[in-house]
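Peer 1: Provided herewith is a single structure, encoded as structure tokens, for subsequent inquiry.
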Amino acid sequence: MDAPGTTNNPLRVAVVGAGPSGFYAAEALLKSGKTVRVDMIERLPAPYGLVRYGVAPDHPKLKEAILVYAVIARLPHFNLLGNVTVGRDVTVEELRAHYHGIIFACGAETDRHLGIPGEDLAGSHTATEFVAWYNGHPDYRERCFDLSAEVVAIIGQGNVAADVCRILAKSADELKSTDIAAHALDALATSRVREIHVIGRRGVAQAKFTNKELKELGELPNCDAIVDPRDLELNSESVVELEVKSNFVSAKNVEIFRAFAARGASGKPRRLIFHFLKSPVAIKGAAAHMEQVVLARNRLEGAPLQQAARETGETDLLQCGLLFRSIGYSGLPIPGVPFDARKGVFPTQDGRIVDGGAVMPGLYAAGWIKRGPTGIIGTNRADSIATVKSLLADLSRLAPEAKGGAEVLKPLLAARGTRVVSLDDWLKIDAAEVARGQSKGKPREKFTRVAEMLKCLDGS
Ligand code: NAP
């Protein structure tokens with residue numbers, strides 16, 4: 001038998017996850033010059049992962065990545081198997097039997113925890129839940145957020161926190177022409193939120209926002225961005241940090257914060273208040289609902305670019321009825337694949353999944369499940385290409401026999417009662433969503449329940 005990747009023995013690869021890193025991996029495989037068949041397995045009936053369910057609806061430019069993925073999906077020998085959950089509908093062992101290689105590109109689906117008392121009181125949520133809810137993710141369709149609260153706290157100062165800020169700070173009028181889910185728009189239209197406190201455990205020079213996203217927070221028509229000028233005083237380590245060339249994003253952020261402080265409030269209906277050097281240490285409430293967050297005041301400790309927040313012993317209280325923890329995402333384990341619970345990733349070496357240091361033949365990872373939740377959408381392209389390079393370098397070491405791929409998997413799934421959503425099926429769902437949005441002046445009105453998507457296909 002010829003080695004996998006030849007006309008007689010096409011290389012069969014299952015890509016698990018239809019988000020950015022999955023599509024970039026598929027593209028790299030299908031354009032590798034080898035004879036390859038790619039089956040992309042996605043647990044939802046809709047592809048595009050974080051671009052569909054994570055990118056904020058008021059950032060349509062970022063969603064244009066989908067146009068690129070739609071072209072990749074039309075490449076010859078690309079197959080979508082949507083509505084299939086690996087670990088439930090099909091095991092990793094079964095995939096290993098029917099594919100030469102599996103690339104896990106399943107992202108970071110859950111959130112990290114603060115590990116403080118009161119974290120699970122009603123009114124305290126993860127940003128992940130809120131983001132997925134306003135983006136119409138079926139798993140989060142039934143979540144409720146108490147938008148009757150006038151004061152909201154957001155823990156963390158990264159771009160996800162910035163997204164949550166904007167969605168809370170904008171009026172329903174400003175959001176109604178986006179692809180925001182209808183249930184979220186309805187709820188946000190009744191919002192009484194007036195004050196949004198964005199809390200960073202380190203200083204102005206260490207906030208994780210990118211410049212464009214931070215600047216945008218100062219340009220909201222209905223919300224003032226407020227920074228206390230005292231927070232702009234930098235310790236000597238931070239001054240050194242900002243002079244490091246590669247740290248130009250932070251240097252620019254500090255300039256933007258300075259501009260916010262100089263401008264002050266102008267009486268807009270909502271206020272976005274930045275806090276620095278404060279860490280939540282407890283969330284308190286009565287009758288199981290949160291009412292306040294206890295914030296420890298911090299100082300910075302450590303060398304430039306390695307400064308960590310250390311509590312000073314002083315605390316502040318912030319009364320608030322709603323809180324979002326936006327402190328980073330984490331991956332979830334899949335039975336049959338080693339998992340590093342501390343980092344929330346599959347352990348890898350050059351994209352090859354390892355178990356206690358030993359490479360697991362045929363198993364690879366790409367994107368956030370490989371390197372953790374960092375970087376922008378485009379960062380995943382180089383990451384996926386690197387993983388595919390490792391897979392192609394391994395061809396002579398992969399199982400040499402011919403594999404059946406989707407031709408074997410589809411009947412197996414059908415026998416188990418799984419309704420596999422193909423690319424053609426998805427295109428029908430896609431067209432229906434676009435049509436539903438038209439009368440509302442929206443790019444699409446997403447289906448927010450899996451049953452609705454399947455009904456759109458089968459009419460039952
Ligand atoms: P992030 O950029 O890593 O920010 C996480 C924030 O949480 C940081 O301020 C971090 O502070 C803080 N934090 C972490 N642990 C904490 C704790 N125990 N207590 C208090 N604060 C804590 O993560 P993200 O906002 O989730 O974004 C993930 C990735 O997606 C990033 O690469 C981001 O740029 C990207 N993204 C991009 C866009 C866009 O391009 N528009 C939109 C959304 C997301 P420290 O710095 O002190 O750790």
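Peer 1: Please work out which one of (1) in a helix (DSSP H, G or I); (2) open to solvent by less than 50 Å² (accessible area, probe 1.4 Å); (3) within 24 Å of K170 (Cβ to Cβ) is the condition K212 fails and give its number.
Peer 2: (2)
Peer 1: Looking at I369, I283, I327, which one is touching a residue at least 24 places away in the same chain (Cβ under 8 Å), open to solvent by 20 Å² or more (accessible area, probe 1.4 Å) and within 16 Å of the ligand (Cβ to nearest atom)? So that I can check it myself, show each step before the final result.
Peer 2: Values: I369 fails: open to solvent by 20 Å² or more (accessible area, probe 1.4 Å); I283 fails: open to solvent by 20 Å² or more (accessible area, probe 1.4 Å).
Of the residues listed, the single one that is touching a residue at least 24 places away in the same chain (Cβ under 8 Å), open to solvent by 20 Å² or more (accessible area, probe 1.4 Å) and within 16 Å of the ligand (Cβ to nearest atom) is I327.
Peer 1: Does I155 satisfy the condition of being within 16 Å of the ligand (Cβ to nearest atom), in contact with a Phe, Trp or Tyr (Cβ under 9 Å, 6 or more places away or on another chain) and either under 30 Å from D394 (Cα atoms) or of a type in the set (V, I, T) (or both)?
Peer 2: Against the criterion (within 16 Å of the ligand (Cβ to nearest atom), in contact with a Phe, Trp or Tyr (Cβ under 9 Å, 6 or more places away or on another chain) and either under 30 Å from D394 (Cα atoms) or of a type in the set (V, I, T) (or both)), I155 qualifies.
Peer 1: Same structure, new question: Restrict the check to region 176-188 and report whether at least one residue is over 24 Å from the mean Cα position of the chain (by Cα) and modelled with pLDDT of 95 or more. I'd like the intermediate steps shown before the answer.
Peer 2: Taking region 176-188 and keeping what is over 24 Å from the mean Cα position of the chain (by Cα), we get none.
No, region 176-188 contains no residue that is over 24 Å from the mean Cα position of the chain (by Cα) and modelled with pLDDT of 95 or more.
Peer 1: What pairs come up if the first residue lies in region 243-271 and is open to solvent by 60 Å² or more (accessible area, probe 1.4 Å), the second is at pLDDT below 95 and among the small types (G, A, S), and their beta carbons are under 9 Å apart, counting only those six or more places apart or on different chains?
Peer 2: Sorted first by the residue in region 243-271, then by its partner, the pairs are R271/A265.
Peer 1: Count, please, the residues in region 395-417 that happen to be surrounded by fewer than 18 Cβ atoms within 10 Å (Cβ to Cβ) and either among the charged types (D, E, K, R) or not assigned by TED's automatic domain parsing to the domain that holds A73 (or both).
Peer 2: The initial filter retains those residues of region 395-417 that are surrounded by fewer than 18 Cβ atoms within 10 Å (Cβ to Cβ), namely 395-397, 399-402, 404, 407-408, 411-412, 414-417.
Remaining after also requiring either among the charged types (D, E, K, R) or not assigned by TED's automatic domain parsing to the domain that holds A73 (or both): 397, 401, 407, 416.
Qualifying residue count, region 395-417: 4.
Peer 1: Looking at (1) part of a helix (DSSP H, G or I); (2) at pLDDT below 95; (3) among the hydrophobic types (A, V, I, L, M, F, W, C), which is the one condition that is false for A399?
Peer 2: Checking A399 against (1) part of a helix (DSSP H, G or I); (2) at pLDDT below 95; (3) among the hydrophobic types (A, V, I, L, M, F, W, C), the one that fails is (1).
Condition check ((1) in a helix (DSSP H, G or I); (2) touching a residue at least 40 places away in the same chain (Cβ under 8 Å)) across all residues:
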{"residue": "V15", "(1), (2)": "no, yes"}
{"residue": "A18", "(1), (2)": "no, yes"}
{"residue": "E27", "(1), (2)": "yes, yes"}
{"residue": "G33", "(1), (2)": "no, no"}
{"residue": "M40", "(1), (2)": "no, yes"}
{"residue": "V68", "(1), (2)": "yes, yes"}
{"residue": "I72", "(1), (2)": "yes, yes"}
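Peer 1: Sort through L147, L220, L168 and tell me the only one that's within 16 Å of the ligand (Cβ to nearest atom), open to solvent by less than 20 Å² (accessible area, probe 1.4 Å), at pLDDT 95 or above and not in a helix (DSSP H, G or I). Walk me through it before giving the result.
Peer 2: Numbers: L147 fails: within 16 Å of the ligand (Cβ to nearest atom); L168 fails: not in a helix (DSSP H, G or I).
Residue meeting the stated conditions: L220.
Peer 1: I'd like the full set of residues that are small (G, A, S) and either open to solvent by 20 Å² or more (accessible area, probe 1.4 Å) or outside the structural domain of R371 (by TED's automatic domain parsing) (or both), limited to region 18-48.
Peer 2: Keep residues of region 18-48 that are small (G, A, S), which gives 18-19, 21-22, 25-26, 28, 32-33, 46.
If the condition is that a residue be small (G, A, S) and either open to solvent by 20 Å² or more (accessible area, probe 1.4 Å) or outside the structural domain of R371 (by TED's automatic domain parsing) (or both), then A28, S32, G33 are the ones that fit.
Peer 1: Right, E109: open to solvent by 10 Å² or more (accessible area, probe 1.4 Å), in contact with a Lys or Arg (Cβ under 9 Å, 6 or more places away or on another chain) and either within 30 Å of E401 (Cβ to Cβ) or touching a residue at least 12 places away in the same chain (Cβ under 8 Å) (or both) or not?
Peer 2: Values: open to solvent by 10 Å² or more (accessible area, probe 1.4 Å): yes; in contact with a Lys or Arg (Cβ under 9 Å, 6 or more places away or on another chain): no; either within 30 Å of E401 (Cβ to Cβ) or touching a residue at least 12 places away in the same chain (Cβ under 8 Å) (or both): yes.
No.
Peer 1: Sort out which residues of region 171-208 are within 8 Å of the ligand (Cβ to nearest atom) and either closer than 28 Å to F447 by Cβ or not charged (D, E, K, R) (or both), and write them in order of number. Spell out how you get there, then give the answer.
Peer 2: So in region 171-208, the residues within 8 Å of the ligand (Cβ to nearest atom) come out as 199-202, 206-208.
Passing the criteria: I199, G200, Q206, A207.
Peer 1: So, in region 417-454, how many residues would count as being in a loop (DSSP other than H, G, I, E, B), under 25 Å from the mean Cα position of the chain (by Cα) and not hydroxyl-bearing (S, T, Y)? Break it down into steps so the answer makes sense when it comes.
Peer 2: So in region 417-454, the residues in a loop (DSSP other than H, G, I, E, B) come out as 417-420, 422, 439-449.
Applying the additional criterion that residues be under 25 Å from the mean Cα position of the chain (by Cα) yields 420, 422, 442-449.
So of that shortlist, the ones also not hydroxyl-bearing (S, T, Y) come out as 420, 442-447, 449.
Of the residues in that region, 8 qualify.
Peer 1: Do we find a residue being aliphatic (A, V, I, L, M), open to solvent by 50 Å² or more (accessible area, probe 1.4 Å) and in contact with a helix residue (DSSP H, G or I) (Cβ under 8 Å, 6 or more places away or on another chain) anywhere in region 428-435?
Peer 2: No, the conditions are met nowhere in region 428-435.
Peer 1: Could I ask something else about it? Name the residue that is farthest from the ligand (Cβ to nearest atom), counting only residues in region 372-391 that are buried (at least 20 other Cβ atoms within 10 Å of the Cβ) and over 19 Å from V55 (Cα atoms).
Peer 2: L391
Peer 1: Conditions: (1) more than 20 Å from I199 (Cβ to Cβ); (2) surrounded by 15 or more Cβ atoms within 10 Å (Cβ to Cβ). L277 meets all but one. Number of the miss?
Peer 2: The number of the failed condition is (1).
The values are calculated or read from the model by the stated rules, or taken from the named source; none is laboratory data. Predicted model only: the values in this text are computed from it and were never measured. Cβ: placed from backbone, ideal geometry, glycine included. Neighbour counts: every protein chain shown. For accessibility, only protein heavy atoms count, side chains too; no ligands or nucleic acids. Shrake-Rupley method; radii C 1.70, N 1.55, O 1.52, S 1.80 Å.
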